[in-house]
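Visitor: Below you'll find the structure I mean.
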Amino acid sequence: QVQLVESGGGWVQAGGSLRLSCAASGVTFSNYYMGWFRQAPGKERELIAAINWSGGSTYYADSMKGRFTISRDNAKNTVYLQMNSLKPEDTAVYYCAADQLPITTAQANIPYWGKGTLVTVSS
């Protein structure tokens, strides 16, 4: 059974940084594209970053470019999201996801999801 477990969420003041981690088990991790999504209060869940098998190709939503960095360590079966210059509007539950196909905004097609970790950014 595939399991994805996020960690690293918490409270941070605007302008601060957090690093989220997502540990995978039950899969051949290097065979999967990985992504990060978030869902802010009252809003739909959105794709914010994605990464291919090797980590050589990445995608970021426009609002995250220059602030967030996605990376992966296949030896540790873990994908990371480094978040810098955090803003109050970044407050959300952050989810990791895994797919043998490239991660896209078509969330219904993504088979594996973590339960999420809460990030709260205060001004």
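Visitor: Grab the strands (runs of 3 or more DSSP E) fully contained in segment 31-92, keeping just those with 3 or more residues being touching a helix residue (DSSP H, G or I) at 6+ places or on another chain (Cβ under 8 Å).
Guide: 46-51
Visitor: Does Ala61 fit the bill of being without any contact (Cβ under 8 Å) to a residue 24 or more places away in the chain, within 29 Å of Ser123 (Cβ to Cβ) and surrounded by fewer than 20 Cβ atoms within 10 Å (Cβ to Cβ)?
Guide: When the stated conditions are applied, Ala61 passes them.
Visitor: Please enumerate the residues belonging to segment 28-51 that are within 14 Å of the chain's Cα centre (by Cα) and open to solvent by 30 Å² or more (accessible area, probe 1.4 Å).
Guide: Tyr33, Gln39, Arg45, Glu46
Visitor: Here are Gln3, Gln107: which of them is open to solvent by 70 Å² or more (accessible area, probe 1.4 Å) and either at pLDDT below 95 or among the aromatic types (Phe, Trp, Tyr) (or both)?
Guide: Sole residue among the options that is open to solvent by 70 Å² or more (accessible area, probe 1.4 Å) and either at pLDDT below 95 or among the aromatic types (Phe, Trp, Tyr) (or both): Gln3.
Visitor: Does segment 55-65 contain at least one residue that is within 17 Å of Ile103 (Cα to Cα) and touching a Lys or Arg at 6+ places or on another chain (Cβ under 8 Å)?
Guide: Yes; the residues of segment 55-65 include at least one that is within 17 Å of Ile103 (Cα to Cα) and touching a Lys or Arg at 6+ places or on another chain (Cβ under 8 Å).
Visitor: I would also like to ask the following. Restricting to segment 105-114, and then to whatever is touching a strand residue (DSSP E or B) at 6+ places or on another chain (Cβ under 7 Å) and part of a loop (DSSP other than H, G, I, E, B), can you tell me which residue is farthest from Val79 (Cα to Cα)?
Guide: Going through the qualifying residues, I end up with Thr105.
Visitor: Does Ser85 qualify as being more than 13 Å from the chain's Cα centre (by Cα) and hydroxyl-bearing (Ser, Thr, Tyr)?
Guide: Here the answer is yes, as Ser85 does meet what is asked.
Yes/no per residue for (1) farther than 23 Å from Leu118 by Cβ; (2) out of contact with any Leu (no Cβ under 6 Å at 6 or more places or on another chain); (3) charged (D, E, K, R):
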| site | (1), (2), (3) |
| --- | --- |
| Ile48 | no, yes, no |
| Gly55 | yes, yes, no |
| Ser63 | no, yes, no |
| Ala75 | yes, yes, no |
| Gln82 | no, yes, no |
| Glu89 | no, yes, yes |
| Cys96 | no, no, no |
| Asp99 | yes, yes, yes |
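Visitor: Next question, about the same structure. Condition (residue is among the hydroxyl-bearing types (Ser, Thr, Tyr) and within 15 Å of the chain's Cα centre (by Cα)) applied to segment 1-14: is it met by at least one residue?
Guide: The answer is yes; a qualifying residue exists.
Visitor: On to the next question. Pairs, please: C-beta under 9 Å, at least 6 apart or cross-chain, first residue under 12 Å from Tyr60 (Cβ atoms) and in segment 70-85, second open to solvent by 60 Å² or more (accessible area, probe 1.4 Å) and of a type in the set (Phe, Trp, Tyr)?
Guide: Listed by first residue and then by second, the contacts come to Ile70/Tyr59.
The values are calculated or read from the model by the stated rules, or taken from the named source; none is laboratory data. Since the model is a prediction, treat every value here as computed from it, not as a measurement. All Cβ positions, even for glycine, are placed from backbone atoms using ideal geometry, and neighbour counts span all protein chains on display. Side chains are part of the model used for accessible areas, which takes the heavy atoms of the whole protein and leaves out ligands, DNA and RNA. Shrake-Rupley method; radii C 1.70, N 1.55, O 1.52, S 1.80 Å.
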